[in-house]
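Asks: Please read through the structure below; I'll follow up with questions.
Readers should treat all values here as calculations from the given coordinates under stated rules, not as data from a laboratory. As the structure is a computational prediction, the values presented were derived from the model and not from experiment. Ideal geometry is used to build each Cβ from the backbone, glycine not excepted, and the neighbour counts take in all protein chains shown.
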Ligand code: G
Ligand code: G
Ligand code: MN
Ligand code: NA
């Protein structure tokens, strides 16, 4: 397919960029983390959404190369932000199920890169989705153990949207739950989404997990989440995803 071919060229031709969106510690209002989100500027079509090209990357196998690129870029930036902004700064990267499960050695290479930069595994959070854990095979379990050994943390993205089985939360070592933005959107006192968010936060904390609310767009949503004990917020209220240099300037301005 045409777009798949273009994607191959994009990787080589520098058309991919990594954007970063702040993840804010709600109690202090400080930026402790950033989610890395890939962007593709196609020479003719302009911005192509990852929702469109990640599936093509998966079916063509390009996803592994793209994933390696995302990780390599991320660690360069997190190194800087740990040095200049916050010693425990973390960058979180998304991995599709296929990408997470496949073992082509690129992940080992990437661990080597972390070590070469003298960065602890805790510099990185890997975001996966619930579905992956629901039908977890040995590749998934092994990968989670490998991450754990390297100190890399794991976040469950889009939490609450996928499957209602919660048993995997005790089976696997997870560090963060990301409350999906479909819950945040209609947050209001005494709403059912408030009740669900409250329950997720209490449960997560009892299990020793931290909670990140996605899609925070208003001060009211932020305040309700903070009052419920939510640890972190992410969303347009704080900032949209932005180019790395711009994110760097944002951190400097905040310091
Ligand atoms: O910011 P945005 O609309 O672009 O993100 C759309 C989707 O693309 C999200 O579900 C996000 O998890 C996914 N995504 C963004 N960057 C990456 C990436 O580097 N790798 C993978 N696998 N998915 C990504
Ligand atoms: O699937 P995942 O959670 O990785 O993707 C995050 C997606 O949410 C990205 O597409 C990102 O651009 C988008 N996003 C981030 N903050 C907000 C927000 O406040 N509102 C909305 N509608 N989308 C957001
Ligand atoms: Mn995500
Ligand atoms: Na999400």
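Asks: Taking R0 as 35 Å, what FRET efficiency do you get between residue 30 and residue 188 from their Cβ-Cβ distance, rounded to the nearest 0.05?
Replies: 0.85
Asks: Taking every DSSP beta bridge with both residues inside the chain, roughly what % is antiparallel (nearest 5)?
Replies: Of all bridge pairs located within the chain, approximately 45 percent are antiparallel.
Asks: Another one. Computed FRET efficiency, Cβ-Cβ of residue 88 and residue 49, R0 45 Å: what is it to the nearest 0.05?
Replies: Using R0 = 45 Å, I get an efficiency of 0.90.
Asks: While we're here: Summing -39500 (n - 2.57) over the DSSP H runs of n ≥ 4 in the chain and dividing by its residue number, what mean residue ellipticity at 222 nm do you reach, to the nearest 500 deg cm²/dmol?
Replies: -14500 deg cm²/dmol
Asks: Now, a different point. Once the piece of chain linking residue 139 and residue 42 is laid out straight, how much longer is it, given 0.36 nm per residue of separation minus the C-alpha distance between them?
Replies: 31.5 nm is the gain from fully extending residue 139 to residue 42.
Asks: So how much slack lies between residue 246 and residue 15, counting 0.36 nm per residue of separation and subtracting their Cα-Cα distance, in nm?
Replies: Length difference between fully extended and current span is 81.4 nm.
Asks: List the pair-distance distribution P(r) of the chain, using every Cα-Cα distance, as the percent of pairs falling in each 5 Å bin from 0 up to the bin containing the longest distance, rounded to whole percents.
Replies: Result returned by the calculation: 1, 6, 13, 17, 19, 18, 15, 8, 3, 1, 0.
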